[in-house]
Amino acid sequence: MVKWEKIDTNKISLEITVPEKEVNEALEKAYYKMRGKFSIPGFRKGKAPRKLIESRYGSEIFNEEALDMLADPAYRQAIKETELEPISQPEVELIQLEKDRPLILKVIVEVKPEVKLGEYKGVTIEQEKKEITAADVDKYLQSLREQHTRLVTVEEGELQNKDLAVIDFNGTIDGEPFLGSKAENYSLQLGSNTFVEGFEEQLEGATRGEKREVKVSFPSDYYREELAGKEAVFNVEVKEIKRPQLPSLDDNFVQELSEEFSNVEDFRADVEKRLNEDLRRRQKVDLESRLIEKVADGCETDVPVSLVEREIDNLLGEFEYYLRTQGITLDQYAQMIEGGKEKLRAERREEAEKRARANLVLDAIIKAEKIEAGGEDIEKRIRELMERYKVEEPLEQTREKFARDGRLDMIKHEIRYRKAVDLLVATANIVEITAEQPEEAAKEKADDRQDETNN
């Protein structure tokens, strides 16, 4: 039996009662499970009667074990009966647990807030019409050439910006060398701003084997205080010049990049196709994101702080994944910035609130539309995952694994969300515009306001 009442905006109090029969059975099971731990004179270990153990150690000796058996099933049954949707861990208070009496628990838990849905079908939304142009393809092919830039040694010629100079240098301040003032065969790319301002510029025009005297001034706020504001003289010898050279966009270059294509024409056509596919994917994601946000803005609901904090955790998890690809952890990054993790959380709060609101609204739409994840939907998704991760085992075996570790529920949840979003898109009034149209519309409105003023 369960009784509940609302004690705050999204917080409820449950009073859960478990019949004395189930309590007695749980206490008896607890006795059989624990009796081997007790040594009572006159009895072999594990053979002492329950009453004797309770008289020696107290009648509550088996209560904790019995409570572990009873509490979770009772709570899950109460949630099922009340059709509430918890969003936090329950705070459980034991009110009563005795032999021959019902178990009484008081549970306080935060639940999903009510959502008052606005219009979510037939929502009007604009989508900019975009196409991949020949210039886009050229830009992509140019980027591929730049990624495969080769360094070619310059035997004759002057050092210029973007060239790689292999140099020896020896620096002094007031005639005395200083830490880091000397190196041999140092590779310096002109224009990289690796050295103190003015150093690289003074090497432009030098030829291979040439020696130059370079004078620079360290900034007054230089990170090494002993050098800040000081003038230095460097004797520099240019030992080698290497110049970036882009590969020609020809059939040979295409064959280096891909085994599938042998000529530029076919490769270019494939690039255009892939760029268009990528554009459509990005447009789809953008449209869905803006549509969900617009629908959510038209609904009424309170967004619990706990859900916002959970979304902030998710956003930081995504950010940490990116950081790890750069060889750094989230904690390390937080230590490098002013404000630390608190600043990182604060910066993501607005986006987290939008996400939390959107999820609540999608849940409400799923409920209103009675959207379900059918058996075929689940099987299709499992097969997709098996193919992606190259799982070679029977589908049912994978399904059982997913069910054991809770991933099956996640898959069902994902399918329902996908169907809800598809419903919004399918029923939306999508107005296609060009990049110029918003400006034209703004100009028309401005002209209308001017006409009204003149009249």
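All of the numbers you see were taken from the coordinates with simple rules; none came from a lab. Nothing here was measured: the structure is a model prediction, and the numbers come from that model. As a convention, Cβ positions derive from the backbone with ideal geometry for all residues, glycine included, and neighbour counts pool all protein chains shown.
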Would you be so kind as to identify which of Val196, Ser217, Val295 lies farthest towards the positive end of the dipole of region 148-296, taking Lys and Arg as +1 and Asp and Glu as -1 on Cβ and the Cα centre as origin?
Val295
Using only the C-alpha atoms of region 109-155, find the volume of their convex hull and express it per residue in Å³.
207 Å³
Cα centre as origin, Lys/Arg/Asp/Glu Cβ charges: the chain dipole, Debye
3140 debye
Quote the FRET efficiency, to the nearest 0.05, computed for Ile7 versus Lys129 with a Förster distance R0 of 60 Å and r equal to the Cβ-Cβ distance.
0.70
Nearest-0.05 FRET efficiency for Glu184 and Ser258 at R0 = 41 Å, using Cβ-Cβ distance, is 0.50
Proxy reagent accessibility, fewest Cβ within 10 Å first, across Asp174, Asp409
Asp174, Asp409
Cα pair distances exceeding 27 angstrom across the chain, given as percent
78 percent
Which net charge results when you count Lys and Arg as +1 and Asp and Glu as -1 among the other residues whose beta-carbon is under 15 Å from that of Lys419?
0
Go through region 319-336 residue by residue and turn each phi into a ³J(HN,Hα) via Karplus (6.51, -1.76, 1.60, θ = phi - 60°); whole Hz please, and just put x for glycine and proline.
5, 5, 4, 5, 4, 5, 5, 9, x, 9, 8, 4, 4, 5, 5, 4, 6, 8
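Which value at 222 nm does the chain reach when only helices count, each DSSP H run of 4 or more adding -39,500 (n - 2.57), with the total divided by all residues and rounded to the nearest 500 deg cm²/dmol?
That calculation yields -16000 deg cm²/dmol at 222 nm.
Stokes-Einstein at 10 °C, 1.306 mPa s, Kirkwood radius from Cα pairs: D for region 323-403 in µm² s⁻¹?
Numbers: Rh = 17.0 Å.
It diffuses with D of about 93 µm²/s by this estimate.
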Net +/- balance of residues flanking Glu293 in space, Cβ distance below 13 Å, scoring K and R +1, D and E -1
-1
Considering the zone a paramagnetic label at Leu144 would reach in this model (a point 7 Å from Cα along the Cα-to-Cβ line), which residues of region 239-260 have amide N under 19 Å from it?
245-260
In vacuo Debye scattering of region 2-110, one point per C-alpha: log10 I(q)/I(0) at q = 0.11, 0.14, 0.23 Å⁻¹?
-0.43, -0.61, -1.16
Collect residues whose amide H, placed 1.01 Å from N in the peptide plane, falls under 5 Å from the amide H of Asp163; neighbours closer than 5 in sequence don't count.
Leu190
Regarding region 250-375, what are the three Cα extents along the principal axes, ordered largest first, in Å?
60, 47, 30
Quick one: net charge around Lys3, please, counting Lys, Arg +1 and Asp, Glu -1 for every other residue with C-beta under 13 Å from its C-beta.
-1
Where in region 380-395 is the amide nitrogen less than 15 Å from a point lying 7 Å along the Cα-to-Cβ axis of Glu414?
380-391
Roughly how tilted is helix 63-82, in degrees to the nearest 10 and between 0 and 90, from the longest Cα axis of the chain?
80 degrees
So if R0 is 60 Å, what FRET efficiency would Tyr222 and Ala435 give, r being the distance between their Cβ atoms, rounded to the nearest 0.05?
0.85
Tell me, what is a quarter of the convex hull surface for the C-alpha atoms of region 289-350, in nm² with one decimal?
5.2 nm²
In 10 Å bins starting at zero, report the fraction of Cα pairs in region 375-440 per bin as a rounded %.
17, 35, 19, 14, 11, 3
